[in-house]
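Every number in this text was worked out from the coordinates using simple rules, so none of it is lab data. A quick note: this is a predicted structure, and the numbers were derived from the prediction, not measured. With ideal geometry, Cβ positions are generated from the backbone for all residues, glycine too; neighbour counts draw on all protein chains shown.
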Amino acid sequence: MNTQISDLFARVREKRPLIHHITNYVTANDCANITIAAGGSPVMADAPEEVCEMVTFSNALVLNIGTPNKEQIESMLLAGGMANDQRIPIVLDPVGVGATSYRTESAQRLLDELKVTILKGNAGEIGVLAGSVEAYMRGVDSHGVSGDMVKTAQQFANRESLTVVVSGAADIVTDGNRILLVENGHPMLGNISGTGCMAASVIGVFAAEENDAVIASAAALAAFGIAGERAADGARGPFSFKTALFDEMASLKPEDLAVGARITPQ
Amino acid sequence: MNTQISDLFARVREKRPLIHHITNYVTANDCANITIAAGGSPVMADAPEEVCEMVTFSNALVLNIGTPNKEQIESMLLAGGMANDQRIPIVLDPVGVGATSYRTESAQRLLDELKVTILKGNAGEIGVLAGSVEAYMRGVDSHGVSGDMVKTAQQFANRESLTVVVSGAADIVTDGNRILLVENGHPMLGNISGTGCMAASVIGVFAAEENDAVIASAAALAAFGIAGERAADGARGPFSFKTALFDEMASLKPEDLAVGARITPQ
Amino acid sequence: MNTQISDLFARVREKRPLIHHITNYVTANDCANITIAAGGSPVMADAPEEVCEMVTFSNALVLNIGTPNKEQIESMLLAGGMANDQRIPIVLDPVGVGATSYRTESAQRLLDELKVTILKGNAGEIGVLAGSVEAYMRGVDSHGVSGDMVKTAQQFANRESLTVVVSGAADIVTDGNRILLVENGHPMLGNISGTGCMAASVIGVFAAEENDAVIASAAALAAFGIAGERAADGARGPFSFKTALFDEMASLKPEDLAVGARITPQ
């Protein structure tokens, strides 16, 4: 698999896919910069007047409900419909689902009305959408969770016919059939805002160039995780770590991914 | 007092309070990251459909009118009402008050309709709200001001029954009765955008764990100021300073606060 | 000319002009910080209730359609009308024009209804507005372009009676009569999001203190480009480069600009 993912990464670097984001205003700059560092080209646009046309130029669509509002959700539905028509992948990051019924209903509506390719969340967010945990929240970054997450993710992926990514110390990637664990990453990724959003952007970049959403997701998470591991070396705190995270992502080579990826089939 | 504030900081680090922000899109990322670095957990949400529910999970509410609009002010009123019901503290940062009548009226409306716990602004902003200076503005970061600011702040705090924080070379903290001066900080804090907003976030983090708003505000300002002092060492310019500011805030220990705080009762 | 631009830069540093931005939420923080680093004071405000009043305090207005929406375009028209009345310069950055008809129509409407002082875009954006290229887009940062760009820019500047800036390896600045090439800069400026937006902010800062829009634009681009050249020294990747870019912009002196500017009349 490591040859496969390093080839994919080389393709990303060569093709420079355009990733359309409809995302929150807190981490939009981070998402734009990590998209560039990973090898893609970002565009952020959320006006209903233009989102569909923008999708026609794009190679993937990333939807993130970090700071949702009514008009933005409508734009996500419009853009997502066009993405489905154009057969480009949709990555959905249901930030904070379970915290408010508005977020839960918005994410549910996106899942119901669109064919989402990859759903990426933490254990709490995926648990809420899968119906396995109650709405419980401790910040949008950390959720309490119970039960066997791998099984939950697998069943949910099967039921919804999509690829589920559960971020954590070991990330779970499953389409209901295959299950991969990705063990790259570093605890310092949890000390800054936006690393979850950035991971979704990197997944979008890789999914733009690879139809196998399980492989694309695992490769993206491994790449981002390796950048995090390298960035932690010599970081004196969260922001020097963040600086290094972008630097390392940009300098990561396909062969580094082949060597450093810790992806294990279950 | 230094034992009291270092105990408070230890409590913050242990409890990791959730700080709900309704804030501007310019410095939202900085506010999220400084909240984490200070020991809290940030959530940004401003849709009227969800702000009240988000408050029920939160330990403090920070309202910042840096880029106000009609819907956002309505959401602040909704969230603030719920914060009052839930008896969690509200920190109001009336950015740019006095620059436009819209900002002045919006801030005034928030003060009138909500029970704000802590009002934090620079001398010009507080002066405008206190009625002691004319609407005068030179950028949102620097205001002309005249008169005895300590007295103005004290009288205003008394009249409005809240704690007033006036940021400056020496920060003034007063509830109308007690007056504390906080002399931590560094001039480089004035060379980047968003340090005023970040200070309000840190105050929110400390106020979430301490009912005495005067102590919470002074402790937060001292902690943020010490981080600024340390960050200035070796900074080559405003952005390497900013990087170090987050790093230093994250590595600051309760005992550092006890030793480094320069808080003087008046 | 180098004495003229270093005198201008000294004036900027002394006067600290207030630059009102109506801009996108992705790079707003970068624009605020580069404005400060260049010697200005930023204010971001986009509510229709306050934009006109904010303009009365401001020394230049920067309009950027990176994440446009209906209300924001209306606010740009309101603020721009007031800027014209007050005779302060307007810098328009038509981000992504040509990507969607909504962006093209919005930019066209701003050009039609306002007297824009300086229009700054990349070759694709200017080409689309000048009618010399078809709507073609590859990310908002890179456009395909054909034809003699200098001639296109010159004719367009003449027709529209404004100063046109075409960013590129060599930037073109022309009012239809004079043509300047600015050859400062570094390829690393292309590896981060927002450098185009930042360049427009710096142009706003310089145009606030210099009525000759050709000189102001060239001086600003040279200053920003020199900061980029210096920042590239020792940068380990895009984000350490970005950190250094702000640091270098802040420490740049008028005499550095006189020595380092590579501005050539055509």
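For the reader, a short list of remarks on this structure follows.
- Kirkwood-type radius of the range A:148-266, with distances r between different C-alpha atoms, in Å: 14.4
- The per residue volume of the convex hull around the alpha-carbon atoms of the range A:46-125 is 75 Å³.
- Kirkwood Rh, Cα atoms: Rg over Rh of the range B:83-229: 0.93
- Likely footprinting exposure, C:Thr163, C:Thr152, A:Thr56, fewest C-beta neighbours within 10 Å first: A:Thr56, C:Thr152, C:Thr163
- Put a plus charge on the Cβ of each Lys and Arg, a minus charge on the Cβ of each Asp and Glu, and nothing anywhere else: the dipole of chain C about its Cα centre is then about 360 debye.
- Long hydrophobic helices in chain B: the complete DSSP H runs spanning 27 Å or more by Cα along their own axis with mean Kyte-Doolittle hydropathy of at least 0.5 are B:213-232.
- The radius of gyration of the Cα set in the range A:227-266, together with its Dmax, comes out at 11.7, 36 angstrom.
- For the range B:1-117, the Cβ-based charge dipole about the Cα centre amounts to some 420 debye (Lys, Arg positive; Asp, Glu negative; other atoms uncharged).
- Listed by chain and number, the aspartates and glutamates placed with their C-alpha closer than 19 angstrom to that of A:Lys242 are A:Asp30, A:Asp141, A:Glu229, A:Asp233, B:Asp30, B:Asp247, B:Glu248, C:Asp30, C:Asp247; residues fewer than eight positions away on the same chain are left out.
- Calculated P(r) of the range B:1-49 - Cα pairs past 18 Å, %: 41
- Cβ-based net charge around C:Asn184, under 13 Å, with every Lys or Arg adding one and every Asp or Glu removing one: -3
- Residue order, fewest to most surrounding Cβ atoms within 10 angstrom, among C:Ile263, A:Ile172: C:Ile263, A:Ile172
- Shape analysis of the range B:1-158 places it in the oblate category; the axes a ≥ b ≥ c from the Cα gyration tensor give an a/c of at least 1.5, with a/b not above b/c.
- Less than 5 angstrom separates the built amide H of B:Ile179 from those of B:Gln266, all sequence-distant by 5 or more or on a different chain.
- Backbone phi angles across the range C:41-50, fed through the Karplus curve with coefficients 6.51, -1.76 and 1.60 (θ = phi - 60°), yield HN-Hα couplings of 10, x, 9, 10, 7, 9, 6, x, 5, 10 Hz in residue order; Gly and Pro are listed as x.
- Peptide C:248-256 shows a mean partner chain C-beta count of 2 within 10 Å per residue C-beta.
- For chain B, the longest site-free run once GluC sites (Glu not before Pro) in DSSP loop states with at most 16 other Cβ atoms within 10 Å are removed: B:1-133
- Take the Cα of C:Arg13, step 7 Å toward its Cβ, do the same at A:Ala169, and the gap between the two points is 5.3 nm.
- D_trans [Stokes-Einstein, Kirkwood Rh over alpha-carbon pairs] for the protein assembly as shown, 20 °C, 1.002 mPa s, µm² s⁻¹: 81
- Residues with amide H under 5 Å from that of A:Val43, placed H, sequence gap 5 or more: A:Ile19, A:His20, A:His21
- Considering only C:Val150, C:Val91, C:Val202, the mean-square fluctuation computed in a Gaussian network model of chain C, springs between alpha carbons under 10 angstrom, is largest for C:Val150.
- For chain A, the relative contact order is 21 percent, taking Cα pairs closer than 8 Å that sit 6 or more residues apart in sequence and dividing their mean separation by the residue count.
- Convex hull volume of the C-alpha atoms in the range B:187-242, normalised per residue: 66 Å³.
- Residue by residue along A:32-40, Cβ atoms of other protein chains within 10 Å of the local Cβ number 4 on average.
- Three-way shape call for chain B based on the alpha-carbon gyration tensor, with the a/c threshold at 1.5: rounded
- Taking a straight line from the alpha carbon of A:Lys70, these lysines sit under 28 Å away, with near neighbours fewer than eight places off in the same chain left out: A:Lys115, A:Lys120, B:Lys70, C:Lys70.
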